[in-house]
Amino acid sequence: MQQDRIKWDQRYAGKPSVPPGAPKILLTEWSLLKPGTVLDIASGDGAASLFLADKGFMVTAADISATGLARLAGFAEDAGLTVKTCCVDLDDTAALQQLGRFDNVVMSYFRPTPELLAGLAGLLSPGGRAWLATFNQRQHQQQGFSARFCLDDAEFCDFSGQRQAGLTLLEYRNHNDEEGGIDSYLFEKVAE
C-alpha cells in the first residue's frame, strides 16, 4: 500500500543516524533458530537483521520502506556486515514468495496478516523455522499501543490450518514482564 510506504518512509527519514538495538526477546531466543539463512520480514532499519548478521546468519531483510532499508544497508556497511535488502509490500504474499526459501523467517514487533502467517511455510526450507515476537494486549492496556496491532494471549497457538499450512508450533512464550507485553512463537515447517 502506497500510504503505508509513505508513512514508514517519513518515520525513518526523521530518525537520528544511530543503529537500532536488537529486540530484547531476540537477544534471548535467537538460539532457537537454525543455522543458515534468515528472512527478516518487516525489518525496518535493521534491529533484528543487524543482530542476526553479526551472529553469522545470512540475512535478507524485507520491508515496505525503502528509507528504512537504506538506513539498514548503511548501518550494515558501517559494521562490516552483509545484509541483502528487498523493498516489498508485506501484504503481497506472492511477492514475498518470490524471495525464495530460507532456513528461518523472523518477524519482530509486527503483527502478520492471516494470509502472511498461512504462507510462512512457502518461505521456509524443509525443517525451517519461523520465529515471531510481537505485542500482546497488555501492551495496549499499559502503554496505549493500538489494540489492532496487538495479539490476544496465545492467539496463534492454534491458528486454523496450522498443519494444513505446513507448520507445527514448537514453542509459545508469553513475556508480560518485558516491554509491557510480548508474545513469541516458534514454528517449524513440516517435512514435505
Item to check | Identity of the residue in the range 111-134, in contact (Cβ under 8 Å) with a residue 60 or more places away in the chain and open to solvent by 50 Å² or more (accessible area, probe 1.4 Å), that ends up nearest to residue 26 (Cα to Cα) | outcome: 129
Checklist outcome for this item: residue 31 vs (1) under 19 Å from residue 187 (Cβ atoms); (2) touching a strand residue (DSSP E or B) at 6+ places or on another chain (Cβ under 8 Å): all pass except (2)
Checklist entry - helices (runs of 4 or more DSSP H) wholly in the range 1-107 with at least 1 residues that are open to solvent by 80 Å² or more (accessible area, probe 1.4 Å) and modelled with pLDDT under 95 - which ones? => result 2-13, 24-29
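The values are calculated or read from the model by the stated rules, or taken from the named source; none is laboratory data. Predicted model, so just to flag it, every value in this text is computed and none were measured. So basically every Cβ, Gly included, is an ideal-geometry build from the backbone, and we count neighbours across all protein chains shown. Note: areas computed on protein heavy atoms with side chains; ligands, DNA, RNA excluded. Shrake-Rupley method; radii C 1.70, N 1.55, O 1.52, S 1.80 Å.
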